[in-house]
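Enquirer: Below is the structure I would like to discuss, written out as structure tokens.
The values are calculated or read from the model by the stated rules, or taken from the named source; none is laboratory data. The structure displayed is predicted, hence computed values, not measured ones. We place every Cβ from the backbone using ideal geometry, glycine too, and count neighbours over all the protein chains shown. Remember, those area values only see protein heavy atoms, side chains included, never the ligands or the DNA or RNA. Shrake-Rupley method; radii C 1.70, N 1.55, O 1.52, S 1.80 Å.
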Amino acid sequence: DTLATAYTLAQAVRKIGNVDLILTGLKAIDADTGQVGPLIAEELDLPQITNASGIVDLDSVNQTIDVKRHLEVDQEVIRVSYPLVMSVGDEINKPRYQTPLLIKQSMQKEITVWNEGDLHCDLDKIGIKGSPTIVTESFVPEESVRQMTMLEGSPTEAAEALLAILSDKHII
């Protein structure tokens with residue numbers, strides 16, 4: 001659930017402390033809601049940038065960052081003071097592939113694990129209690145057979161035939 005996830009991550013950020021930039025993915029592969037980043041920003045009372053596609057400038061003196069972000073039909077560059085939360089899509093970076101030696105070294109590193117006590121979590125905001133979303137059923141939708149009609153003739157005749165079909169179905 002996005003609320004419980006964002007709360008837990010915000011608690012981890014509080015534990016780390018003194019964070020300038022929190023990067024999150026744009027959306028998850030399960031529910032695809034894109035809510036965790038904005039909810040972390042809300043929980044921590046920080047500014048946020050969504051749909052970030054690139055960092056244009058970083059000014060450490062004034063503690064601002066200029067970020068390019070995608071809109072539906074355009075893009076913009078905005079300046080925000082940090083600390084902040086930024087949700088990024090896959091176009092933000094081209095991953096580098098690590099060498100086998102670096103992969104082996106990373107496998108040997110210790111991973112810090114925190115639980116709800118370590119993060120001082122409110123137990124009503126995590127787990128099932130903190131998740132107002134309840135999934136009652138999960139299923140694969142049936143595939144429907146689609147009907148296709150080939151429109152013949154000149155482009156003008158095909159357009160007239162299409163208009164007639166759409167009109168008959170009360171679409172236009």
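Enquirer: Within segment 22-39, restricting attention to residues that are open to solvent by less than 90 Å² (accessible area, probe 1.4 Å) and over 14 Å from Met86 (Cα atoms), which residue is farthest from the chain's Cα centre (by Cα)? Spell out the reasoning first.
Expert: As a first pass, look at segment 22-39 and keep what is open to solvent by less than 90 Å² (accessible area, probe 1.4 Å): 22, 24-26, 28, 31-39.
So of that shortlist, the ones also over 14 Å from Met86 (Cα atoms) come out as 28, 31-33.
Details: Ala28: 6, Ala31: 10, Asp32: 7, Thr33: 7 Å.
The qualifying residue farthest from the chain's Cα centre (by Cα) is Ala31.
Enquirer: So which pairs qualify, if the first residue must be in segment 79-94 and without any contact (Cβ under 8 Å) to a residue 24 or more places away in the chain, the second must be surrounded by 13 or more Cβ atoms within 10 Å (Cβ to Cβ), the Cβ gap must be under 7 Å, and the two must be at least 6 apart or on different chains?
Expert: Partner pairs satisfying both residue conditions: Arg79/Thr64; Arg79/Asp66.
Enquirer: Among the charged types (D, E, K, R) and touching a helix residue (DSSP H, G or I) at 6+ places or on another chain (Cβ under 9 Å): which single residue out of Asp32, Asp74, Asp122 fits that description?
Expert: Step by step, each of Asp32, Asp74, Asp122 is checked, and only Asp122 is among the charged types (D, E, K, R) and touching a helix residue (DSSP H, G or I) at 6+ places or on another chain (Cβ under 9 Å).
Enquirer: Pick from Gly54, Gly37: which is of a type outside the set (A, V, I, L, M) and more than 24 Å from His120 (Cβ to Cβ)?
Expert: After applying the criteria, what remains is Gly54.
Conditions tested, residue by residue: (1) modelled with pLDDT of 90 or more; (2) over 21 Å from Val113 (Cα atoms); (3) among the aromatic types (Phe, Trp, Tyr).
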{"position": "Thr24", "(1), (2), (3)": "yes, no, no"}
{"position": "Lys27", "(1), (2), (3)": "no, yes, no"}
{"position": "Ser53", "(1), (2), (3)": "yes, yes, no"}
{"position": "His70", "(1), (2), (3)": "no, yes, no"}
{"position": "Glu76", "(1), (2), (3)": "yes, yes, no"}
{"position": "Val80", "(1), (2), (3)": "yes, yes, no"}
{"position": "Tyr97", "(1), (2), (3)": "no, yes, yes"}
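Enquirer: What is the residue count in segment 1-18 for residues that are modelled with pLDDT of 95 or more and surrounded by 13 or more Cβ atoms within 10 Å (Cβ to Cβ)?
Expert: Residues meeting the conditions: 8.
Enquirer: Further question: Could you check segment 79-115 and list, in sequence order, the residues that are within 20 Å of Val19 (Cβ to Cβ) and either of a type outside the set (A, V, I, L, M) or loosely packed, with under 15 Cβ neighbours inside 10 Å (or both)?
Expert: Arg79, Ser81, Tyr82, Pro83, Ser87, Asn93, Ile111, Thr112, Val113, Trp114
Enquirer: Out of the residues in segment 117-171 that are closer than 30 Å to Thr8 by Cβ and basic (Lys, Arg), which is farthest from the chain's Cα centre (by Cα)?
Expert: Out of the qualifying residues, it is Lys129.
Enquirer: So, one more: Take the residues of segment 40-65 that are open to solvent by 60 Å² or more (accessible area, probe 1.4 Å) and under 16 Å from the mean Cα position of the chain (by Cα): which is farthest from Val85 (Cα to Cα)?
Expert: Restricting to residues being open to solvent by 60 Å² or more (accessible area, probe 1.4 Å) and under 16 Å from the mean Cα position of the chain (by Cα), the top hit is Glu42.
Enquirer: Pairs under 9 Å by beta carbon, first residue on the phi < 0 side of the Ramachandran plot in segment 102-122, partner outside any loop (DSSP other than H, G, I, E, B) and open to solvent by 80 Å² or more (accessible area, probe 1.4 Å), six or more apart or different chains?
Expert: Between residues of segment 102-122 that are on the phi < 0 side of the Ramachandran plot and residues that are outside any loop (DSSP other than H, G, I, E, B) and open to solvent by 80 Å² or more (accessible area, probe 1.4 Å), the close pairs are Trp114/Lys15; Glu116/Leu123; Asp118/Lys15; Leu119/Arg14; Leu119/Lys15.
Enquirer: List every residue pair whose Cβ atoms lie under 7 Å apart, where the two residues are 6 or more positions apart in sequence or sit on different chains, the first residue falls within segment 38-59 and is more than 17 Å from Lys27 (Cβ to Cβ), and the second residue, located anywhere, is among the charged types (D, E, K, R).
Expert: Gly54/Lys68; Val56/Asp66; Val56/Lys68; Asp57/Asp66
Enquirer: Please enumerate the residues belonging to segment 29-51 that are at positive phi and either at pLDDT below 90 or assigned to a strand (DSSP E or B) (or both).
Expert: Asp32, Gly34, Asn51
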